[in-house]
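Report on one structure; see the data block that follows.
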Amino acid sequence: MVPYGRQQIDERDIEAVVQVLKSDWLTTGPKIEEFETAVASFVGAKHGVAVSNGTAALHAAMYALGIGPGDEVIVPPMTFIATANAVVYQGGTPVFADVDPGTLLIDPDEVERRITTKTKAILAVDYAGQPCNYERLQSLARRNGLHLVTDACHALGAEYKGKKIGSIADMTVFSFHPVKHITTGEGGMITTDDPELAARMRRFRNHGIATDFRQREKTGSWFYEMADLGYNYRITDIQCALGISQMAKFPGWLDRRRQIAGRYDTAFLGSECTVPLAVSADVRHAYHLYVVKLGAGTGAKSRAEAFAEFRRRGIGVNVHYIPVHLHPFYRDKFGTGAGKCPVAESEYEKIISLPMFSGLTYSEVDTVIQAAKDILG
């Protein structure tokens with residue numbers, strides 16, 4: 001089976017992890033800050049806060065903004081559930097703004113329609129690895145006194161009008177799950193230029209305590225105080241060592257993803273059956289996913305039939321995502337449901353994700369392309 005996504009691990013990665021296993025620090029050690037600096041420097045941000053996973057990173061960002069009961073945060077429905085869940089964890093209400101039908105990115109016009117006196121933040125998602133329209137979103141945020149947060153779990157290395165994602169919004173969240181651009185096994189990070197937001201998130205990941213064990217060890221102190229109610233969202237030095245090693249190879253991997261996307265683009269150019277998502281002219285896509293729509297030319301073939309046939313041929317396609325507002329939890333708790341975001345609901349029925357990861361060979365890519373032409377027409 002050719003999976004839709006997969007990590008790449010080599011001997012240098014393994015050796016980096018082994019060296020930490022032989023060291024004195026397995027967690028709260030020096031590799032945490034080293035990894036934070038590597039990612040923050042790459043994206044052009046002043047601070048990086050590493051945590052145990054991407055969901056923890058989203059939660060930390062919502063905590064840092066002080067989201068709580070009565071607050072609304074505008075989110076797109078076309079994302080993984082963790083985006084909206086992070087708002088709910090804090091007692092806030094996610095308000096779903098529909099997406100653009102071509103890109104499946106949050107539609108700024110829909111965002112504007114949903115801003116109320118209760119709105120505290122916009123949580124945009126760089127779906128599949130393509131940056132949102134940050135010029136419009138920043139304008140809306142400034143005009144209405146809102147925070148702008150980016151869920152860039154798909155978009156490490158992406159750029160908007162020449163600026164790397166991670167240096168544009170008030171806070172930007174990344175994930176290092178194995179199917180992402182680099183991996184720490186599980187892991188996440190928030191980048192920001194705001195030192196106070198960074199400090200809040202560092203406390204939050206450590207039970208609300210301002211210092212960790214290594215910091216106390218340096219000063220010869222045992223004393224600590226819990227200033228906030230936090231969680232144990234710490235990441236380990238073992239994971240960060242892997243992340244540091246992966247970051248050294250990341251630029252080449254990103255280029256490879258773009259090359260694979262170009263091969264797909266060329267193969268499906270002008271097709272009425274296999275229609276890639278639109279890509280804006282002013283962005284550099286990071287291609288965490290390569291999503292296509294089943295076009296009108298596919299006739300009566302359903303997405304379910306196409307999905308099953310790809311799988312029978314050993315091609316691990318996937319679907320990203322069921323719109324969040326259609327999940328039972330959101331229907332029951334917030335009264336959402338069909339008709340809330342008609343564009344996302346309609347486009348969801350057509351989309352399928354083809355394999356996309358830097359380790360794909362061109363032979364495998366060509367096999368996927370031929371299967372798509374055979375199955376979709």
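Suppose we filter the range 269-299 for residues that are among the hydrophobic types (A, V, I, L, M, F, W, C) and either surrounded by fewer than 21 Cβ atoms within 10 Å (Cβ to Cβ) or on the phi > 0 side of the Ramachandran plot (or both); how many remain?
6
Taking the range 300-310 as the region of interest, how many residues are surrounded by fewer than 19 Cβ atoms within 10 Å (Cβ to Cβ) and in contact (Cβ under 8 Å) with a residue 40 or more places away in the chain?
4
Which residue pairs have Cβ atoms closer than 9 Å, lie 6 or more positions apart in sequence or on different chains, and pair a first residue in the range 36-62 that is farther than 19 Å from ILE168 by Cβ with a second residue that is of a type in the set (D, E, K, R) and in a helix (DSSP H, G or I)?
So the pair list comes out as ALA50/GLU33; ALA50/GLU36.
Restricted to the range 215-244, and to residues that are within 25 Å of LEU58 (Cα to Cα) and among the charged types (D, E, K, R), which residue is surrounded by the fewest Cβ atoms within 10 Å (Cβ to Cβ)?
Among those residues, the one meeting the criterion is GLU225.
Check whether at least one residue in the range 88-106 is within 24 Å of ARG284 (Cα to Cα), of a type outside the set (Lys, Arg), part of a helix (DSSP H, G or I) and modelled with pLDDT of 95 or more, and report yes or no.
Within the range 88-106, not a single residue is within 24 Å of ARG284 (Cα to Cα), of a type outside the set (Lys, Arg), part of a helix (DSSP H, G or I) and modelled with pLDDT of 95 or more.
Would you pick out the residues in the range 111-163 that are over 11 Å from the mean Cα position of the chain (by Cα), under 25 Å from SER52 (Cα atoms) and of a type in the set (Val, Ile, Thr)?
Correct list: ILE122, VAL149.
Give the range 251-286 a look and list any residue that's among the aliphatic types (A, V, I, L, M) and touching a residue at least 12 places away in the same chain (Cβ under 8 Å), or say none.
LEU254, ILE260, ALA261, ALA267, VAL275, LEU277, ALA278, VAL279, VAL283, ALA286
So if I check each of THR119, THR93, THR83, THR79, which one is surrounded by 24 or more Cβ atoms within 10 Å (Cβ to Cβ), of a type in the set (Val, Ile, Thr) and farther than 15 Å from MET171 by Cβ?
THR79
The values are calculated or read from the model by the stated rules, or taken from the named source; none is laboratory data. Predicted, not measured: the structure shown is a model, and the values here were computed from it. Ideal geometry is used to build each Cβ from the backbone, glycine not excepted, and the neighbour counts take in all protein chains shown.
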